[in-house]
Amino acid sequence: MKKSDWILILCVIVVLAPFFIQATGFFAWFCAATAAHPYIMAFFKFAILATLGEMLALRIREGVYNKKGFGVAPRMIVWGFLGMAIAMSMVIFKVGVPAFLETVGGCEKGSLATIFAAPELTWGKVGIAFAVSVLMNSIFAPVMMTFHKCTDIHITDNGGTIAGLLRPIKMREIMSKKVNWDVQWNLVIKKTIPLFWFPMHTITFILPPTFQVLFAALLGVALGLILALAGESKK
């Protein structure tokens, strides 16, 4: 292990320690802040955790956590706003999918929403969570993932700087010439969505609302590692 690996491990311990030390009151503050400011908290959760996932992927591929042009700061900004969009989509689909299922199944209005919101774990709740996950990841995720890929290319093309991030994104050129659609479609969309995101977000929607966005951000770290390992195996 390199010195940078030990530094990262130490940073992770320092960040996570307050969650497990009751005397700090950090966990209570975290829950209260998430409830009061869900989108601001989503920004920081994804900015930190999803970017960490990309840095870990870079470490696996190239042996370093950062390099010239990688652009940690602009990636954190992009992930922060994507995190807010993901938190918004989770609210929309959590409310909308049970209502949709009620119209399809002829159920009493609000009956499935009640089952889904209940604290106890039942097969009905798992089934609704799975439906929410499937529809959200089938409708929202491909667009979000493709947009994120375009911003990655844009950041790299502009030297990994915040000033470069603010330049207009050449979407037509990036989409037509620079996105590797073999990887984007055959791996990122066609494989990770049904095999990874469907089951993992089912678990996400079963969790208490306070932890759902945090768990979704943690999944970004895991997916970064999966994609990095998949890339290495293809090589």
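The values are calculated or read from the model by the stated rules, or taken from the named source; none is laboratory data. Given the structure is predicted, the values throughout are model-derived calculations rather than measurements. So basically every Cβ, Gly included, is an ideal-geometry build from the backbone, and we count neighbours across all protein chains shown. For accessibility, only protein heavy atoms count, side chains too; no ligands or nucleic acids. Shrake-Rupley method; radii C 1.70, N 1.55, O 1.52, S 1.80 Å.
The charge dipole of the chain, taken about the Cα centre with unit charges on the Cβ atoms of Lys, Arg (+1) and Asp, Glu (-1), comes to about 780 debye, rounded to the nearest 20. Length gained on full extension, PHE196 to PHE44, computed as 0.36 nm times the residue gap minus the Cα-Cα distance: 52.4 nm.
Would you mind getting the accessible area per residue of the chain, heavy atoms of the protein chains only, 1.4 Å probe, in Å²?
56
Which of these values of Cα Rg over 2.2 N^0.38 Å was calculated from the structure shown: (i) 0.94; (ii) 1.16; (iii) 1.09? Identified label for the calculated read-out: (iii). Within the full protein context, the accessible area of TYR39 is estimated at about 90 Å² for a probe radius of 1.4 Å.
Give the accessible area for CYS107 in Å² (nearest 10); use a 1.4 Å probe, count only protein heavy atoms, and leave out ligands, DNA and RNA. Looks like 60 Å² after rounding. Taking each DSSP H run with n ≥ 4 as -39500 (n - 2.57) and averaging over every residue of the chain yields -24000 deg cm²/dmol at 222 nm.
Shown are ARG75, ARG172, whose ranking by accessible area with a 1.4 Å probe and every protein chain present, most to least, is ARG172, ARG75. For the residues PHE205, PHE196, PHE44, a GNM of the chain with alpha-carbon springs under 10 Å puts the largest fluctuation on PHE196.
With R₀ fixed at 30 Å, the C-beta to C-beta distance from MET171 to SER138 puts the FRET efficiency at about 0.85.
With respect to the chain, whose longest principal axis is taken over its alpha-carbon atoms, helix 72-105 is tilted by about 20°.
Summarising the label geometry, the points placed 7 Å from Cα in the beta-carbon direction at GLN184 and TRP29 lie 4.1 nm from one another. Ranking GLY159, PHE93, THR114 by how far each Cα lies toward the positive end of the dipole of the range 60-170 (charges on Cβ) leaves GLY159 at the top. With a Förster radius of 35 Å applied to the C-beta separation of PHE81 and TRP6, the computed FRET efficiency comes to 0.65. Where the centre of each part is set by its Cα atoms, how far does the range 6-52 sit from the range 115-165, in angstrom? Cα centres, the range 6-52 to the range 115-165: 20 Å.
The heavy atoms of TRP29 present about 140 square angstrom of accessible area, all protein chains included, probe 1.4 Å. Determine the alpha carbon to alpha carbon distance for each of LYS94/LYS191; LYS67/LYS177; LYS2/LYS45; LYS2/LYS68 and list only those over 21 Å. Listed pairs above 21 Å: LYS94/LYS191; LYS67/LYS177; LYS2/LYS45.
Looking at the range 95-155, which GluC sites (Glu not before Pro) are in a loop (DSSP not H, G, I, E or B) and have at most 14 other Cβ atoms within 10 Å?
GLU108, GLU120
Could you tell me what percent of the accessible area of the chain is made up of carbon and sulfur, with a 1.4 Å probe and every protein chain present? Carbon plus sulfur share of accessible area: 74 percent. Multiplying the residue separation of VAL64 and THR122 by 0.36 nm and subtracting their alpha-carbon distance yields 16.4 nm. Calculate how steeply helix 38-62 sits against the longest principal axis of the alpha-carbon atoms of the chain, using the helix alpha-carbon long axis, and give the answer as 0 to 90 degrees to the nearest 10. In the chain, helix 38-62 runs at an angle near 50 degrees to the longest axis.
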